Protein chains: 2
Amino acid sequence: MSPNQPGEQPKDPIPGVRHLIAVGSGKGGVGKTTVSVNLAVALARLGHKTGLLDADVYGPNVPLMMGRRDMPEVRHERIQPIEQFGVQLMSMGFLNPGDKPLIWRGPMLHSAMQQFIRGVDWGELEYLIIDLPPGTGDVALSLIQTVPLTGAIVVTTPSDVSLEDARKAVHMFRQVRVEILGIVENMSYLVCPHCDKRVDVFSYGGGRRTADEMGVNFLAELPLNPLVRAGGDSGRPVALGNNKDIHTADFLHLAEATIARIAEVGSPKGPTIEVEE
Amino acid sequence: MSPNQPGEQPKDPIPGVRHLIAVGSGKGGVGKTTVSVNLAVALARLGHKTGLLDADVYGPNVPLMMGRRDMPEVRHERIQPIEQFGVQLMSMGFLNPGDKPLIWRGPMLHSAMQQFIRGVDWGELEYLIIDLPPGTGDVALSLIQTVPLTGAIVVTTPSDVSLEDARKAVHMFRQVRVEILGIVENMSYLVCPHCDKRVDVFSYGGGRRTADEMGVNFLAELPLNPLVRAGGDSGRPVALGNNKDIHTADFLHLAEATIARIAEVGSPKGPTIEVEE
């Protein structure tokens, strides 16, 4: 399926960026940014040049989770991304630090987002992860309609309430003809740190079931782990940890599953010619 | 502080509705709708005429959590709310059921919201709870600027990431001169159903600390309880349960604390005259 259907605006590629991957969710608070941050760090650890754009303008949590608060420099009229843990970062949180909310309306946001994506000196990137705002609102929609996405990941918890909204997000991506790389079930279950028994805090398994029902891939189930949350709060994502630790390995597996899906889906820039020997 | 400052649009009262209470959050997924639904049910259980407007147009979860999916009737050109558990309900989820996302832009949403608030035959209500969309975006802002709110409740989890966004929400309400009734810390901690030990899944105590720092009231801490989530998923909020159960009692206490704060804050329609004997 071509991303440029008749009547659609052409989607200019972002020079130097090979694959744009959107991470979205129907509902907020399901761990979309946690997944984005750890996926980006894991891709970098696997040796890929990776960027992360925090497009959640109202609640940009990437600076906190990646432990950086710097004001980006502008060189040759281009915003320089901030590198942390091998990932090129950009976030509205760098430009609007502190507690004041950004009370911006639709059109202003739209141009800010375009500036963010196209005005940043990303350099050569294999993967640029875009952490979308939650939901199926204005900003998310404008964004996915104006950049050539390779595909999208939908994050949900296993609760029915979250799944209800995740299905909406899958429909939104389909409506604008973005490939779904897969669904990630986050906060799948908790292993009690005292008794090691499992607690299905938000129910369990609904992510895989929903993926099957909707005919999309299921990428990963990630347990609810206080260490993952603490990694986010302390600015040191767990994907940086020892790859023998299960919560670190989970994100490395997610990165590998994502790369495999991208290989299946291909580039959004058109068909490639393969020469067989 | 008067809600109508010079230069602001006048905010027409909603006929028959005494107190409008917004429930907001900086971040999604912190349990804003769970708190709204259970607060509304608890207020009704305490004998108050209560309504609940689900203003989260992109992810309207109130129908699922309250177990109703009916299409509202229109009588005398006014939308009739749906009564469930003694609460008058209205939600975009009633008008747009199923999985299709509502891909609406700002201005369309603004008029839909006005229609929702002012075109509904609410009847006589002591409390109308408005479950805002998460964040500090367009819809939330338009809404709180056009109705005379008695005050707002800000829901957060104790994680730093959620608190960062909760502070933004408090600033947003202050910027548009809405009284903060208080902060609710949701998912405060989990009591393991196997070993009864406590797990601070999302950290603990940040809600109260943030309330103190910002000079706002702290209304309640509500544990992360799989029964509360299951109540939402099954359409039977836990606030309907036995008031000796701690998770039911928690919401009844929240309702009482909210009523007490409303008595302190007073009506947004102007000062009341108290006659002392």
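The values are calculated or read from the model by the stated rules, or taken from the named source; none is laboratory data. Please read these numbers as outputs of a predicted model, since none were measured by experiment. We place every Cβ from the backbone using ideal geometry, glycine too, and count neighbours over all the protein chains shown. Accessible surface areas use protein heavy atoms only, side chains included; no ligands, DNA or RNA. Shrake-Rupley method; radii C 1.70, N 1.55, O 1.52, S 1.80 Å.
Looking at region B:115-130, is at least one residue touching a helix residue (DSSP H, G or I) at 6+ places or on another chain (Cβ under 7 Å), hydroxyl-bearing (Ser, Thr, Tyr) and more than 14 Å from chain A (Cβ to nearest Cβ)?
Yes, because at least one residue in region B:115-130 is touching a helix residue (DSSP H, G or I) at 6+ places or on another chain (Cβ under 7 Å), hydroxyl-bearing (Ser, Thr, Tyr) and more than 14 Å from chain A (Cβ to nearest Cβ).
Within region B:56-71, identify whether any single residue is part of a loop (DSSP other than H, G, I, E, B), without any contact (Cβ under 8 Å) to a residue 24 or more places away in the chain, open to solvent by 30 Å² or more (accessible area, probe 1.4 Å) and away from every other protein chain (no Cβ under 14 Å), and answer yes or no. Give the derivation first.
Step one: filter region B:56-71 for residues part of a loop (DSSP other than H, G, I, E, B), giving B:56-61, B:67-71.
Those still in the list that are without any contact (Cβ under 8 Å) to a residue 24 or more places away in the chain too: none.
No, the conditions are met nowhere in region B:56-71.
Scan region A:131-148 residue by residue and report those that are in contact with a strand residue (DSSP E or B) (Cβ under 9 Å, 6 or more places away or on another chain), more than 7 Å from chain B (Cβ to nearest Cβ) and under 25 Å from A:GLY93 (Cβ atoms).
Those that are in contact with a strand residue (DSSP E or B) (Cβ under 9 Å, 6 or more places away or on another chain), more than 7 Å from chain B (Cβ to nearest Cβ) and under 25 Å from A:GLY93 (Cβ atoms): A:ASP131, A:LEU132, A:PRO133, A:ALA140, A:LEU143, A:ILE144, A:VAL147.
Restricting the first residue to region B:77-88 and requiring it to be at positive phi, which pairs with a second residue that is among the basic types (Lys, Arg) meet a Cβ separation below 8 Å and a spacing of at least six or different chains?
Pairs that qualify, where the first residue is at positive phi and the partner is among the basic types (Lys, Arg), are B:GLY86/B:ARG45.
Say whether the condition of being within 30 Å of A:ASP99 (Cβ to Cβ) and small (Gly, Ala, Ser) is met by at least one residue in region B:186-201. So that I can check it myself, show each step before the final result.
Start the filter on region B:186-201 by keeping residues that are within 30 Å of A:ASP99 (Cβ to Cβ), which leaves B:186-190, B:198-201.
Restricting the remaining residues to those that are small (Gly, Ala, Ser) gives B:188.
Scanning region B:186-201, I find at least one residue that is within 30 Å of A:ASP99 (Cβ to Cβ) and small (Gly, Ala, Ser), so the answer is yes.
I'm told A:GLY151 meets every condition in (1) open to solvent by less than 10 Å² (accessible area, probe 1.4 Å); (2) under 17 Å from A:ARG177 (Cα atoms); (3) at pLDDT 85 or above; (4) within 14 Å of another protein chain (Cβ to nearest Cβ) except one. Can you identify the failing condition by its number?
(4)
So which residues in region B:208-227 are at pLDDT below 95 and either open to solvent by 60 Å² or more (accessible area, probe 1.4 Å) or within 16 Å of the chain's Cα centre (by Cα) (or both), if there are any at all?
Correct list: B:LEU227 only.
If you scan region A:206-226, which residues turn out to be in a helix (DSSP H, G or I) and either farther than 16 Å from A:VAL170 by Cβ or out of contact with any Gly (no Cβ under 9 Å at 6 or more places or on another chain) (or both)?
A:GLY206, A:GLY207, A:ARG208, A:ARG209, A:THR210, A:ASP212, A:GLU213, A:MET214, A:PRO226
Scan region A:143-163 residue by residue and report those that are over 16 Å from the mean Cα position of the chain (by Cα) and small (Gly, Ala, Ser).
Once the filter is applied, which keeps residues that are over 16 Å from the mean Cα position of the chain (by Cα) and small (Gly, Ala, Ser), region A:143-163 yields A:SER159, A:SER162.
Name the single residue that is nearest to the other protein chains (Cβ to nearest Cβ) among those in region A:181-195 being free of Cβ contacts under 8 Å to residues at least 60 places away in the same chain and open to solvent by less than 10 Å² (accessible area, probe 1.4 Å). Spell out the reasoning first.
From region A:181-195, those free of Cβ contacts under 8 Å to residues at least 60 places away in the same chain are A:183, A:185, A:188-195; that's our starting set.
Filter once more, keeping what is open to solvent by less than 10 Å² (accessible area, probe 1.4 Å): A:183, A:185, A:188, A:190, A:192.
Details: A:ILE183: 14, A:GLU185: 14, A:SER188: 13, A:LEU190: 7, A:CYS192: 4 Å.
Step by step, filter region A:181-195, then rank; the result is A:CYS192.
Please state which one of B:ARG208, B:ARG198 is out of contact with any Pro (no Cβ under 6 Å at 6 or more places or on another chain), of a type in the set (Lys, Arg) and facing chain A (nearest Cβ under 10 Å).
None of the others qualify; the one that does is B:ARG198.
What number of residues within region B:12-54 satisfy the criterion of being assigned to a loop (DSSP other than H, G, I, E, B) and touching a helix residue (DSSP H, G or I) at 6+ places or on another chain (Cβ under 6 Å)?
The number of residues fulfilling the criteria is 5.
Among the residues of region B:228-242, write down those that are in contact (Cβ under 8 Å) with a residue 12 or more places away in the chain and surrounded by fewer than 18 Cβ atoms within 10 Å (Cβ to Cβ).
Listed by number, the residues that qualify are B:SER234, B:GLY235, B:ARG236, B:LEU240.
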